[in-house]
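Everything on this sheet refers to the single structure shown next.
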Amino acid sequence: MSEFNLGGVRFDADAVRAAAADLDAMADRLEHALGADGQALAVPAAGSDAVSLAAADTLTSVGASFVAQSGSGVDELRKLAALVRGQADAFGQVEVDNSADFTNL
């Protein structure tokens, strides 16, 4: 059974799995964008003076930090998608177990 409906409480396992797939797709798009555009965040110095070198170094460091933190965000999206899928599967198993319990009465 992929859908459970009881007086206003509704659980549609197919919709939940579709949401998990959407989260995975979002993570894929973000990961691809980070890989494709990450190099653009390396800022070359405008000149050889100390200020230009320091500014370029700071901006490049911020860009690298952004890529690293965004990568962690991609990982979290993937974990969330797996958790959502697991919850849909667990709910379905609970329903099967409950049906079996009633059948055994």
field: Degrees separating the helix 50-103 axis from the principal Cα axis of the chain, which is the longest one
entry: 10 degrees
task: Report, in degrees rounded to the nearest 10, the 0 to 90 angle that the Cα long axis of helix 13-37 makes with the longest principal axis of the chain.
output: 10 degrees
query: How far, in nm, would the chain grow between Leu53 and Ala21 when pulled straight, counting 0.36 nm per residue and subtracting the alpha carbon separation?
result: 7.1 nm
- request: Could you work out which residue, out of Val16, Val67, Val43, moves most in a Gaussian network model of the chain, that is, has the largest mean-square fluctuation with Cα springs under 10 Å?
  value: Val43
- request: Would you calculate the separation in nanometres between label points at Phe66 and Ala33, each defined as 7 Å from the Cα along the Cα-to-beta-carbon direction?
  value: 1.1 nm
message: Let me spell out the model: positive unit charges on the Cβ of Lys and Arg, negative unit charges on the Cβ of Asp and Glu, origin at the Cα centre of the chain. What dipole size does that give, in debye rounded to 20?
response: 140 debye
field: Max mean-square fluctuation residue, GNM over the chain, Cα-Cα springs under 10 Å, options Ala40, Ala15, Ala50
entry: Ala50
field: Estimated 222 nm signal from helices in the chain, with DSSP H stretches of n ≥ 4 weighted -39500 (n - 2.57), rounded to 500
entry: -28000 deg cm²/dmol
message: Tell me the Rg and the Dmax, in Å, that the Cα atoms of the range 8-100 produce.
response: 21.6, 77
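Every number here is computed from the coordinates shown, using simple stated rules; none is lab data. Keep in mind the model is a prediction, meaning the values are calculated, not measured. When we count neighbours, we look across all protein chains shown, and the Cβ atoms used for this are built from the backbone with ideal geometry, even at glycine.
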